[in-house]
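The values are calculated or read from the model by the stated rules, or taken from the named source; none is laboratory data. Values in this document were obtained by computation on a predicted structure and should not be read as measured data. Here the Cβ is made from the backbone with ideal geometry for all residues, glycine too, and neighbour counts use every protein chain on show. The accessibility values were calculated without ligands, DNA or RNA, using every heavy atom of the protein model including side chains. Shrake-Rupley method; radii C 1.70, N 1.55, O 1.52, S 1.80 Å.
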Amino acid sequence: MRKSWAIGLLGLTLAAGCRLWTPPAAPPPMPTDNTLTLDELVITSDFSLPSQHRLLEEIRMLRSDVSQTFRMTPSKEPIQVYLFGTEDKFKQFMKVHYPTFPDRRAFFVESDTRLMVYAYWGDRMAEDLRHEVSHGYMHSIVRNMPLWLDEGLAKYFEVPRGTHGLNWPLVEQLLSALNEGQWQPDLRRLEALNDPATMTQMDYAESWAWVHLLLETEPARRAVLQGYLADLRKDGSAAPLSVQIRQVNIAPQRTLIEYLHGLAAAHH
């Protein structure tokens, strides 16, 4: 409870203090004004949303993209998406309800019973919603993915549909760091990460690169990742991917570096 002191009020002597209590500001409300249901997505906003919107249709169809990539039946578990009309409302709400979260534009939150996305309608809304909603779709199918893979796949799905997950800024970021001697691929190091707060931008980029290498090169590599996800779903655990990928003739460090250089050459 916050308290303030007012000394020397009008009509009182300076020695006669009066303690005034300032009630705390009401926490920002959860968006409740408008609700739009698109299959398993329940989108609630504090501003008007059109029933037909290109971005919303894209994230609805992302459900089938995720399930096809995983080679699994999609889940019917609802994903609640809360959209704020302004950045200020979003940040105030997150500060009150999730005070330990870092300062970011959007979040995916999983509880024992609910899958939720919080975001605000901003310039990077499309990227943010594709990223966070893909977390929801993935967790509705496989709940216990390692952190690096969860984020690598979300970076894969955050780009527009039809681009085969090619996140070009991450290619540039990785190659720049490689050329400056500031980065080398290390999948085993990524596999040891278990706290989202410790993940750096380079960790996100490298996680995406491993996912893209496995999904967008050879069918045998894609099958390794799909088999790994199937084992996680069935048994709750699986041999690390850093071990499994050696079965498809990947020399991890060299293969990923060569692949990134190949992407750069094809782009130019």
Need pairs with beta-carbon distance below 7 Å; first residue outside any loop (DSSP other than H, G, I, E, B) and within segment 132-160, second among the polar types (S, T, N, Q) and open to solvent by 20 Å² or more (accessible area, probe 1.4 Å); sequence gap 6+ or separate chains. SER140/SER75; ILE141/SER75; LEU147/ASN194
Scan segment 100-109 for residues that are within 16 Å of the chain's Cα centre (by Cα) and open to solvent by 70 Å² or more (accessible area, probe 1.4 Å) and report the count. 4
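So that you can scan it fast, the table gives a plain yes or no per residue for (1) in contact with a Gly (Cβ under 6 Å, 6 or more places away or on another chain); (2) surrounded by fewer than 17 Cβ atoms within 10 Å (Cβ to Cβ); (3) on the phi < 0 side of the Ramachandran plot; (4) modelled with pLDDT of 95 or more:
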site: ALA223; (1), (2), (3), (4): no, yes, yes, yes
site: LEU232; (1), (2), (3), (4): no, no, yes, yes
site: GLY236; (1), (2), (3), (4): no, yes, no, no
site: GLN247; (1), (2), (3), (4): no, yes, yes, no
site: PRO252; (1), (2), (3), (4): no, no, yes, no
site: GLU258; (1), (2), (3), (4): no, yes, yes, yes
site: GLY262; (1), (2), (3), (4): no, yes, yes, yes
site: ALA265; (1), (2), (3), (4): no, yes, yes, no
site: HIS268; (1), (2), (3), (4): no, yes, yes, no
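Rundown of residues vs (1) at positive phi; (2) open to solvent by 20 Å² or more (accessible area, probe 1.4 Å); (3) touching a Lys or Arg at 6+ places or on another chain (Cβ under 8 Å), yes/no style:
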residue	(1), (2), (3)
TYR98	no, yes, no
SER111	no, yes, no
ARG124	no, yes, yes
VAL142	no, no, yes
Criterion (more than 18 Å from ARG233 (Cα to Cα), acidic (Asp, Glu) and in contact with a strand residue (DSSP E or B) (Cβ under 7 Å, 6 or more places away or on another chain)) met by exactly one of ASP39, ASP88, ASP103, ASP33: ASP33
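Please count how many residues of segment 126-135 are open to solvent by less than 10 Å² (accessible area, probe 1.4 Å) and either touching a Lys or Arg at 6+ places or on another chain (Cβ under 9 Å) or of a type in the set (S, T, N, Q) (or both). Show your work before the answer.
Our first condition is that a residue be open to solvent by less than 10 Å² (accessible area, probe 1.4 Å); within segment 126-135, this holds for 129, 133-135.
Okay, now just the ones that are also either touching a Lys or Arg at 6+ places or on another chain (Cβ under 9 Å) or of a type in the set (S, T, N, Q) (or both), so 133-134.
Selection size over segment 126-135: 2.
If I filter segment 52-73 for residues that are at pLDDT below 90 and not aromatic (Phe, Trp, Tyr), do I get at least one hit?
Within segment 52-73, one or more residues are at pLDDT below 90 and not aromatic (Phe, Trp, Tyr).
Do any strands (runs of 3 or more DSSP E) entirely within segment 22-87 hold 2 or more residues that are surrounded by fewer than 17 Cβ atoms within 10 Å (Cβ to Cβ), and if so, which? Steps first, please.
Working: elements: 34-38, 41-45, 79-84.
Result: 34-38.
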